[in-house]
Amino acid sequence: MPKVKERLDEDAKRWSRLMGDISDPVLMILKAHLLIEEQLYAIVRVVAPAPDYLEQARLSFRQVSRVARAFSQPLSQPGLWDAIDRVNAIRNRLAHRIEPEGVDELLDELCRYCDASPTFKRCHGIVAKGSKLYMIFMIIFGSLSGLSGVVEITNKRVSLAHFKDAKHES
């Protein structure tokens, strides 16, 4: 398992490589959704004693999102999880309908939501919808990447403290 800083650097490079030149909004949404899902799994894997079973469980995006949130909510930025739910709703609309209706409205709602959230202040004022969406997705991805590192460090500290307490009790 790479160190947290190395993993964060790898995540940033991967984001740039996979998302850097996308101009098609549908492709951007679908790829961002997959990358966000990977980060949700990363959070859950760092706390799972046997993470290999997670892949076998074939959790839906919503399920893994809820499990990741359960492990990291107190450490999360405000608005992050609601934005993730909105991205999932947009992706589901695209993925489950051959001629999806209401996608533009859902995208506009996501943009308005993020404009009102301090977590997404880096995208406040961006007018071009494609650029704004790219920034929103990047903030979600980066936040989850950092959150998995914080959860990993916190989990190690809790495990170490528990080990020390158990050792003193025996």
Whether any residue in segment 139-159 is more than 19 Å from residue 33 (Cα to Cα), surrounded by 18 or more Cβ atoms within 10 Å (Cβ to Cβ) and β-branched (Val, Ile, Thr) is what I want to check. yes
How many residues does segment 112-133 hold that are surrounded by fewer than 19 Cβ atoms within 10 Å (Cβ to Cβ), touching a Lys or Arg at 6+ places or on another chain (Cβ under 7 Å) and not in a loop (DSSP other than H, G, I, E, B)? 1
Please report, ordered by residue number, the helices (runs of 4 or more DSSP H) entirely within segment 2-106 with at least 2 residues that are out of contact with any strand residue (DSSP E or B) (no Cβ under 6 Å at 6 or more places or on another chain) and among the acidic types (Asp, Glu). 4-19, 25-47, 52-57, 80-95
Tell me the residue from 73, 63 that is closer than 17 Å to residue 154 by Cα and surrounded by fewer than 17 Cβ atoms within 10 Å (Cβ to Cβ), please. 73
I'd like to know if segment 36-43 contains one or more residues that are of a type in the set (Gly, Ala, Ser) and at pLDDT 95 or above. no
Every residue from segment 1-52 that is hydroxyl-bearing (Ser, Thr, Tyr) and under 20 Å from residue 68 (Cα atoms): 41
Only residues that are under 19 Å from residue 138 (Cβ atoms) and either of a type in the set (D, E, K, R) or surrounded by fewer than 15 Cβ atoms within 10 Å (Cβ to Cβ) (or both): list them for segment 90-107, please. 91
Quick one: which of 67, 103, 26 is over 19 Å from residue 129 (Cβ atoms) and of a type in the set (Val, Ile, Thr)? 67
Which number in (1) out of contact with any Phe, Trp or Tyr (no Cβ under 6 Å at 6 or more places or on another chain); (2) within 18 Å of residue 111 (Cα to Cα) marks the one condition that residue 32 misses? (1)
Starting from segment 3-17, take each residue that is surrounded by 12 or more Cβ atoms within 10 Å (Cβ to Cβ) and list its partners that are among the acidic types (Asp, Glu), counting only C-beta distances under 7 angstrom and pairs at least six apart or across chains. 4/152
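The values are calculated or read from the model by the stated rules, or taken from the named source; none is laboratory data. Because the structure is a prediction, the values reported are computed rather than measured. All Cβ positions, glycine included, derive from the backbone under ideal geometry; neighbour counts span all protein chains shown.
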